[in-house]
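Read through the structure below, which is laid out as structure tokens, and then see the notes.
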Amino acid sequence: MGEVKTIVGGSSGESFFTTKFESLLAWARKYSLFQYPFATACCGMEFFAVASPRYDIARFGAEAPRFSPRQSDVLWVVGTISQRQGPALKRIYEQMAEPKWVVSFGTCASCGGFYDNYTTIPGVDKIIPVDVYIPGCPPRPEAVLDGLMLLMEKIQKGNREPVTVLPKVVPELAQLRGKRALPIAGGGSKEGA
Amino acid sequence: MSAKVVKKLQSVLGDAILETSSFRGDEEVRVALKDWVRVAQVLRDDPELAMNHWTDLTAVDWPEREVEGQPRFDVLFSVRSFEKKHRIRVKTYVKDGEDVPTLTTVWAGANWAEREVFDMFGIRFAGHRDLRRILMYDEFVGYPLRKDYPIDRVQPLVEYRDADDTLKLPPFGIEEGQPFARVDWEERLAGRDEQVSPSIAVQTGQRRALSDSEIAEAQFAKKPEESAAE
């Protein structure tokens, strides 16, 4: 929670802390995200997995789905968005009250995936601004939770810059792949290459 | 197993069956467009055939055939019989702009299949009661599964965001389709092409523009400056 100063004192031993109002507000916001799941495709299954007890998105205070955009804070775009769905998605985004955030869940929502054709929007950021991109086809629940934690970090910092969940390098796998491993740009390690 | 269907059709319709073929148990007959509905009725009503399950109707575009003066499209439907456990595919040739008589009067299930073929190929079905697009939106121009539909052409309903009017920019280039397709794999395997998004790689000179859409995009990017100069 940003700058926190704890002061212990007083004759009766009571204590209090001081912080900035924005920090306190951001802290409250990031632990009470109401989500709108706009699930259109197979990624939806993975979203259910994240929401269910095994991965338990409720740990992050984001367990309440709201199927009205007017009551939600985070729009999860989960799956392929066709050109025909574009107006509906844009309208839902516009109906959300500020402050609002958008998470692009999976490859199709982030860039169109392999649907490089007349029917699919090549990434929802072509029509609405996106805060967090979670790559993967579909992303594993761990990656989704990574994305949610990135979003919470952004909310705390007041940062509106888009971020991407970076791939995790598993040392054992890199070793197995040996020299055939392709270099990964960004967060990936090149030790295996 | 369905060879007897072809024999039966030949005995009933005679010369109307122009051509037959068989591939691993899948029988196909070709008929003229004028016999299209008659064949369907025989298939459904003949007690030995009893085709009571509509499977699908689709089309194939052969633009090179039109150059040779042949009809451009194949239109074909598949039906099967639950009782007799046999099936058949019936094909006809259709010229561009030529109407195909509807099969909805024979099998009601043909309704949506014919709408889909109309939507994707622009083939009209005469007598269909509700012939309008089923998958694409009404604003869509052209027929996307025709071979002459440009592979890069998209017709967005919502105007794409422009970098100038947005507070937030995506971490990769605007208009980007997919970071893992249209990759020059030889370059990649030789280690000269890092796995970055194509538009960034083009901007930094890591790889050349490969697709028509990227070339068009580069040209499009230049245009606003020119129009501003005017």
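All of the numbers you see were taken from the coordinates with simple rules; none came from a lab. For clarity, every value in this text was computed on a predicted model and none was experimentally measured. Counting neighbours? That spans all protein chains shown, and the Cβs are built from the backbone with ideal geometry, glycine included.
Can you sort A:Ile128, A:Ile81 so the residue with the fewest Cβ neighbours within 10 Å comes first?
Listing A:Ile128, A:Ile81 from fewest to most nearby Cβ atoms yields A:Ile128, A:Ile81.
For region A:6-78, trypsin sites (Lys or Arg not before Pro) meeting the loop criterion (DSSP other than H, G, I, E, B) and having at most 11 other Cβ atoms within 10 Å: A:Arg54. The amide H of B:Phe125, built 1.01 Å from its N in the peptide plane, has B:Val100 as neighbours under 5 Å, considering only residues 5 or more places off or on other chains. Here the convex hull built on the C-alpha positions of region B:22-80 has a volume of 96 cubic angstrom per residue.
Annotation: the residues A:Asp125, B:Asp138, sorted from fewest to most other C-beta atoms within 10 Å of their own C-beta, follow the order B:Asp138, A:Asp125. For the set A:Lys20/A:Lys90; B:Lys4/B:Lys91; B:Lys8/B:Lys95, the pairs lying more than 23 angstrom apart at their alpha carbons are A:Lys20/A:Lys90; B:Lys8/B:Lys95. Using a simple spin-label model with pseudo-atoms 7 Å out from Cα toward Cβ, A:Lys5 and B:Ala3 lie 9.5 nm apart. Multiplying each eigenvalue of the alpha-carbon gyration tensor of region A:24-145 by 5 and taking the square root yields semi-axes of 23, 17, 11 Å, largest first, rounded to whole angstroms.
Annotation: for a label point projected 7 angstrom from Cα along Cα→Cβ of A:Glu98, residues of region A:20-43 with backbone N closer than 17 Å are A:22, A:26.
Per-residue extension of 0.36 nm, minus the Cα-Cα distance of B:Glu139 and B:Val67, leaves a gain of 22.9 nm for this segment.
When the convex hull of its Cα atoms is viewed from all sides, region B:1-157 shows a mean projected area of 10.2 nm². Whole-percent P(r), region B:74-124, all Cα pairs, 10 Å bins from 0: 21, 53, 21, 4.
Peptide A:104-112 has a mean shielding of 3, counted as Cβ atoms of other protein chains within 10 Å of each residue's Cβ.
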